[in-house]
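**Q** I have a structure here, written as structure tokens, and I will follow up with some questions on it.
Read-outs throughout are calculated quantities, based only on the coordinates presented, and are distinct from any laboratory measurement. Computed from a prediction, not measured in an experiment: that's the story for all the values here. Quick reminder, even Gly has a Cβ in these numbers, built from the backbone with ideal geometry, and neighbours come from all protein chains shown.
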Amino acid sequence: MQVQINDASLELVQGDITRQDVDAIVNAANSSLLGGGGVDGAIHRAAGRELLAECRTLGGCETGNAKITRGYQLQARHIIHAVGPVYADGKHGESVLLASAYRACLELASQHACASIAFPAISTGVYGYPMEAAARIAFRIILDYLAEHPEIKLVRYVLYDARAFQTHVQILEELLTQ
Ligand code: AR6
């Protein structure tokens, strides 16, 4: 699925974030920035050991924020390590923190001249954020940002499995018809 916002595209694809040929890919990291499972593990494996060495110099990252590194063995020039919230019950500021993590990634992409960026569904795996709610927040932030920042030409949202992909298509269609 592809949506046009001025000169930019928002694409939804099913696939593996580590294999995206974009300027920057986003990692769903934890606040240590020293690796983990899920997307984080896959990115560290694909980028190689130099990534961990650079991450060790960053001093971690607070929830709702993001930090950028080189992409090493990835096709992507940069990796933006975002720390989404652990979902408790929706009453602990999770939505604000998730929105803030997405916005921080987009701002870093702008600052580092990344015209194309690929996101995974941050916080929807180990961190337990309900997928529909997370998708609404992610798309709202991305669509608003693209409308105001012509330097970003492509946002690709990468869903790992068919069910997640279908859910996201449905949510984006809903948002666009509101
Ligand atoms: N490409 C795209 N999406 C993926 C991939 C992939 N290769 N692998 C998994 N997903 P998660 P979180 C999907 O758990 O919830 C780590 O240990 C997955 O199906 O990677 O933010 C970190 O170190 C899910 O929908 O990230 C943290 O400790 C989504 O990506 C913690 O997990 C995110 O799942 C972060 O948890």
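**Q** With the dipole of the chain worked out from charges on the C-beta (+1 for Lys and Arg, -1 for Asp and Glu) around the Cα centre, which of 41, 133, 172 lies farthest toward the positive end?
**A** 41
**Q** Between 111, 14, 166, which gets the highest mean-square fluctuation from a Gaussian network model of the chain, Cα cutoff 10 Å?
**A** Evaluated over the chain, the most mobile residue of the options is 111.
**Q** Need one number: nm distance between label points at residue 75 and residue 54, each 7 Å from Cα along Cα→Cβ, rounded to one decimal.
**A** Going from the residue 75 label point to the residue 54 one covers 1.8 nm.
**Q** Find out how many positive minus negative residues lie around residue 136, taking Lys and Arg as positive, Asp and Glu as negative, among other residues whose Cβ is under 13 Å from that of residue 136.
**A** -4
**Q** Defining a contact as two alpha carbons under 8 Å apart and six or more residues distant in sequence, what relative contact order in percent does the chain show?
**A** So the answer I get is 29 percent.
**Q** Next question, about the same structure. Over region 2-176, with a single point scatterer placed on each C-alpha, what log10 of the ratio I(q)/I(0) does the Debye formula yield at q = 0.08, 0.11, 0.14 1/Å?
**A** Results for region 2-176 at q = 0.08, 0.11, 0.14 Å⁻¹ read -0.20, -0.39, -0.66.
**Q** Name the long-range amide H neighbours of residue 156: under 5 Å, sequence gap of 5 or more, or other chain; modelled H, no Pro or chain starts.
**A** Amide H neighbours of residue 156, under 5 Å, 5+ apart: 11, 117, 118, 119.
**Q** So, with +1 on the Cβ of K and R and -1 on the Cβ of D and E, and no other charges, what is the size of the charge dipole of the chain about its Cα centre, to the nearest 20 debye?
**A** Computed about the Cα centre, the dipole is about 420 debye.
**Q** Quick check on region 2-176: of the DSSP beta bridges with both residues there, what percent are antiparallel, nearest 5%?
**A** So the antiparallel bridges amount to about 35 percent of the total.
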